[in-house]
1. Given q = 0.07, 0.09 Å⁻¹, what are the Debye log10 I(q)/I(0) values for segment 18-268, with equal point scatterers placed on the Cα positions and solvent ignored?
2. If amide H atoms are built 1.01 Å from N in the plane of the peptide, which residues on other chains or at least 5 residues away come under 5 Å of the amide H of residue 219?
3. Quick one: 3J(HN,Hα) in Hz for segment 154-159, Karplus 6.51/-1.76/1.60 with θ = phi - 60°, rounded, Gly and Pro as x.
4. What's the extension gain from residue 148 to residue 66 if we count 0.36 nm per residue and subtract their Cα-Cα distance?
5. Taking R0 as 51 Å, what FRET efficiency do you get between residue 266 and residue 55 from their Cβ-Cβ distance, rounded to the nearest 0.05?
6. Starting from 0.36 nm per residue, how many nanometres of slack lie between residue 282 and residue 106 once their C-alpha separation is accounted for?
7. Report the rotationally averaged projected area of segment 117-247 based on its alpha-carbon convex hull, in square nanometres.
8. Return the long-range amide H neighbours of residue 119 (sequence gap of 5 or more, or a different chain), with a cut-off of under 5 Å between placed amide H atoms.
Amino acid sequence: MLIKHKKRSDCSEHEVTDQAVYLNRRQFMKVTGGAALGLGFGNAFAALQSGNPLAPPAPWQAAFNNIRETAYGQGEKPAPYDVATTYNNFYEFGYGKDDPAKRSGSLETRPWSIAVEGEADVTGVFDLDDIIKEALLEERIYRLRCVEAWSMVIPWVGIPLADVLKKFKPTSKAKYVYFETLHDPAQMPGQRRSSIDWPYREGLRMDEAMNPLALLSVGMYGSILPNQNGAPVRLVVPWKYGFKSIKSIVKIRFVEKQPTSTWMDLAPNEYGFYANVNPEVDHPRWSQKEERRLPSGVFLPNVIETQMFNGYQEEVASLYNGMDLKRQF
Ligand SMILES: Nc1nc2c(c(=O)[nH]1)N[C@H]1C(S)=C(S)[C@@H](COP(=O)(O)O)O[C@H]1N2
Ligand SMILES: [Mo]
């Protein structure tokens with residue numbers, strides 16, 4: 001059932017897609033369980049089951065056959081799959097935009113455990129697939145705005161972050177939640193260089209993490225996440241610059257004090273803890289007023305205006321009442 005709650009962020013004036021074409025594509029994805037022939041995004045599943053082609057899907061895999069549609073991003077035009085999977089930032093695999101696609105094949109994403117620590121009643125080490133098989137996966141079509149002034153629309157598959165965090169019963173002392181990416185230079189060649197203090201780290205204030213827009217993503221385009229997009233589990237925080245959406249998460253820690261993040265540590269004058277998309281606050285080295293919406297031609301760049309909170313102001317502006325968004329960037 002598609003519940004229509006029309007918000008401004010649900011549609012984009014710039015890119016109104018032919019709804020019928022898109023709905024047909026979704027219908028097609030459902031019928032084929034995401035393994036759309038020739039579109040290139042069903043291979044992940046096939047590969048996972050390749051040990052025994054006749055084996056029934058594991059319970060967590062079955063969750064992907066029942067992805068709930070939502071109203072988020074209806075009317076947006078998702079980037080072509082090959083753009084979303086070859087133009088990536090994932091420094092654990094190198095600094096080039098196509099390095100993650102070329103070099104992330106070495107990442108082993110199953111089995112995958114997540115350590116939950118800190119100010120919560122339920123802590124310990126949990127298997128990701130146990131979390132997935134208990135959940136109802138949702139599709140959320142979100143704009144992703146990178147601090148480098150490019151953006152794309154991606155149809156994510158995931159679980160509302162709040163639903164997952166609540167299971168661990170955070171205590172009243174949990175004011176922030178901290179996340180960490182895997183640190184394993186054997187699997188992540190970029191970590192063999194010490195330019196960044198690995199592992200990659202991020203954090204959210206508790207009320208931000210509990211906001212309904214925050215998603216713990218385990219898939220995109222109807223199937224599991226490709227390695228270069230942060231497999232097997234990543235954050236998607238669409239009203240913040242892309243670097244907050246930490247990939248390949250292995251640790252969640254509930255904490256009392258504001259944690260620091262990788263980019264704050266590297267360049268505190270350029271990147272803040274909040275990192276909300278804000279066209280009024282320029283990066284010290286470039287403007288944030290506009291963005292290049294991918295796919296974008298070299299000779300005819302597809303440049304659009306950047307929106308406050310990446311266009312999600314109705315959902316999140318109240319989180320920041322009374323805060324000076326120009327100073328607390
Ligand atoms: N662990 C980790 N997470 C990360 C990054 C990274 O380098 N390492 N890059 C971030 C940045 S800058 C962006 S824009 C998004 C890109 O996500 P995508 O490649 O799926 O589009 O991932 C974010 N998450
Ligand atoms: Mo980014």
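The values are calculated or read from the model by the stated rules, or taken from the named source; none is laboratory data. Predicted model only: the values in this text are computed from it and were never measured. Cβ sites come from the backbone with ideal geometry, for glycine too, and all protein chains shown count toward neighbours. Quick note on the areas: whole protein, heavy atoms, side chains included, nothing else; ligands and nucleic acids left out. Shrake-Rupley method; radii C 1.70, N 1.55, O 1.52, S 1.80 Å.
1. Reported log10 I(q)/I(0), two decimals: -0.22, -0.37.
2. Long-range HN contacts for residue 219: 157, 225.
3. 10, x, 7, 10, x, 10
4. Gain on stretching residue 148 to residue 66: 26.0 nm.
5. 0.70
6. 59.7 nm
7. Values: hull surface 34.0 nm².
With every direction weighted equally, the projected area is 8.5 nm².
8. HN-HN under 5 Å from residue 119: 254, 255.
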